[in-house]
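Undergrad: Can you keep this structure in mind? I'll have questions shortly.
Each value in this text was obtained by applying a stated rule to the coordinates, not by laboratory testing. As the structure is a prediction and not an experimental result, all values here were calculated from the model. FYI the Cβ positions are ideal-geometry reconstructions off the backbone, even for glycines, and counts take in every protein chain you see.
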């Protein structure tokens, strides 16, 4: 393959843009490039043909899935010309998610106490299988009183909190949606 | 040289028909936004073949393509009240179809660990326009070779050749930078041409 052949292929790859005198001249003298040009022309033609029709009953199936007299009913909580974040904030799902999040934050002492108690119970039940020298620190709750350890645990839990928030929002959306709006 | 008056008249008529179609579509979209299901049905009828065809080219499995295209229409219906008409309805729909189809194709590929084989693939489920045997064989051969492209390349190639060969249009429809579309196109052409020639020899 010569330099001209490579330039010719690059020209084909770009969709045969004009001006193309050099490329055409090369195509007329090189058998391989002439075949490549023929293939490119055939492909250009076949790619442009629309030969597919949607299956029978496609439209009826879409309309059946919609099964809703008015799309406006789904967004009655906020006018559609508001910014997306205002519309999102106005959704009942967001409000419910915020209320649940507030409950979690307000009750964090109780929740933390449960978590620590559970962790200690788990550690103590596991401690039967580990050396005696390690039992004491595990029994003491792995140093939960140390602010750095608490900070590290909080940092590690941050992605879990984000995922849980998204799941909470999705759940509240599903719970509040009218049946016709639920994905089928 | 002066343009042929006959050709000019024909181009004017074409342009005027396009403008009329755009007006009609804007009207249908406005009515559908207000909850007119019949107007939405008309939009589905207008766009279903392209939406399904695009999904089929990308996903390559008729049943999956039908699901993707139908799901895209349902999503469009639900999101219509928020549609501001900054792009055309078709552009918006194609973007949703392409994204859903690319995701679906990637999921299927991951599930199977390979591309769908020809037996599973696109001999169109619907009734197509009448074709001679040669062009039908060529189309079938092309569909097989399309399996060598990535999902995004298939989306780019399909939209480019259906949408007046405009890189900018394809870029908008797929939400990609124009240079990325050009690169995908260039690689896809090289791959398809190479495979086509390989089969011929």
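Undergrad: Before rounding to the nearest 500, sum -39500 (n - 2.57) across all DSSP H runs of length at least 4 in chain B and divide by the residue total; then give [θ] at 222 nm in deg cm²/dmol.
TA: Rounded to the nearest 500, the figure is -25500 deg cm²/dmol.
Undergrad: I need the per residue convex hull volume for region B:1-110, using only the alpha carbons, in cubic angstrom as a whole number.
TA: Dividing the Cα hull volume of region B:1-110 by its residues yields 140 Å³.
Undergrad: Separate question: Is there a simple number for the mean count of other chain Cβ atoms within 10 Å of the Cβ of residues in A:37-49, and what is it?
TA: Mean inter-chain Cβ contacts per residue within 10 Å come to 6.
Undergrad: When ranked by the protection proxy of mean other Cβ atoms within 10 Å per residue, highest first, what sequence do the peptides B:55-61, A:106-112, A:60-66 form?
TA: Going by the mean number of other Cβ atoms within 10 Å, highest first, we get B:55-61, A:60-66, A:106-112.
Undergrad: Order B:171-184, A:159-172, A:23-36 from most to least packed using the mean count of other Cβ atoms within 10 Å.
TA: B:171-184, A:23-36, A:159-172
Undergrad: Taking every pair of alpha-carbon atoms in chain B, what share in percent sits in each 5 Å bin, from 0 to the bin with the longest distance?
TA: 1, 7, 13, 16, 17, 16, 12, 9, 5, 2, 1, 0, 0
Undergrad: Still on this structure, I have one more. Suppose R0 equals 45 Å. What FRET efficiency, 1/(1 + (r/R0)^6) with r the Cβ-Cβ distance, do residue A:100 and residue B:13 give to the nearest 0.05?
TA: For R0 = 45 Å, the calculated efficiency reads 0.15.
Undergrad: Moving to a separate point now. Which order, highest average first, do A:87-95, B:100-108, A:14-22 follow once you tally other Cβ atoms within 10 Å for each residue and take the mean per peptide?
TA: Output ranking for A:87-95, B:100-108, A:14-22: B:100-108, A:87-95, A:14-22.
Undergrad: Going by Cα centres, region A:4-24 and region B:46-103 are how many Å apart?
TA: Centre-to-centre distance over Cα atoms comes out at 35 Å.
Undergrad: Mind checking B:189-199 for the average number of partner chain beta-carbons within 10 Å of each residue's beta-carbon?
TA: So the per-residue partner count for this stretch is 5.
Undergrad: Here is a further query. How crowded by other chains is B:132-139, given as the mean number of beta carbons from other chains within 10 Å of each beta carbon?
TA: Per-residue shielding by partner chains comes out at 2.
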